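Derivation of every value follows stated rules applied to the coordinates shown; laboratory data play no part. The shown structure was predicted, so the numbers you read here are calculated from the model rather than taken from an experiment. For neighbour counting, all protein chains shown are included, and Cβ atoms are generated from backbone atoms with ideal geometry for every residue, glycine included.
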Ligand SMILES: [Zn+2]
Ligand SMILES: [Zn+2]
């Protein structure tokens, strides 16, 4: 299958390639995403887990999300780049951090979530729909 998007971590030991168009793309401003990215938000796209081929071995760190379900955050154990999230509440999707794309312009965010914990120095695109927590 032809790849739609690909990327990897900073040191290159973990690479991924997605063969399906993303089912969703947006920015999460929750505190866990701020901590794990070291930035104002996590910009992520999600695609069916089976359509993303990963080479290398990400290390996963699990935390309980606000829903009480677990979120596993995958990163490169060598360089520390955050790459993936597996969300127990949405088990068939793999979330990919947009900043790790080889071509980050591919990422077209459609919403902002957890804006209730967004930082005052986080300037969001006013044109995107905003959700104070997780929608729905
Ligand atoms: Zn790495
Ligand atoms: Zn988040």
Reduced Cα scattering model of the stretch 4-64, Debye log10 I(q)/I(0), q = 0.15, 0.17, 0.30 Å⁻¹: -0.56, -0.72, -1.18
Compute the distribution of all C-alpha to C-alpha distances in the stretch 70-117, in bins of 10 Å from 0, and list the percent of pairs in each, rounded to whole numbers. 22, 45, 32, 1
Under a Gaussian network model of the chain whose springs join Cα atoms within less than 10 Å, the largest fluctuation of 47, 25, 110 belongs to 110
Looking at the stretch 35-136, what % of its DSSP beta bridges pair antiparallel, to the nearest 5? 95
Value in Å of the Kirkwood radius, where the chain supplies the Cα pairs that are averaged: 15.1
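Determine, for 29, 123, the number of other Cβ atoms within 10 Å of each Cβ, and report the residues in order from fewest to most.
Going from sparsest to densest Cβ surroundings: 123, 29.
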Starting from the Cα-Cα distance between residue 66 and residue 134, subtract it from 0.36 nm times their residue separation and give me the gain in nm to one decimal. 23.6 nm
Over the chain, with a Gaussian network built from C-alpha contacts below 10 Å, which listed residue (22, 104, 126) shows the highest mean-square fluctuation? 126
Inter-site label distance for residue 89 and residue 127 at 7 Å from Cα along Cβ, in nm: 2.8
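So what is the relative contact order of the chain, in percent, for Cα pairs below 8 Å that sit 6 or more residues apart?
27
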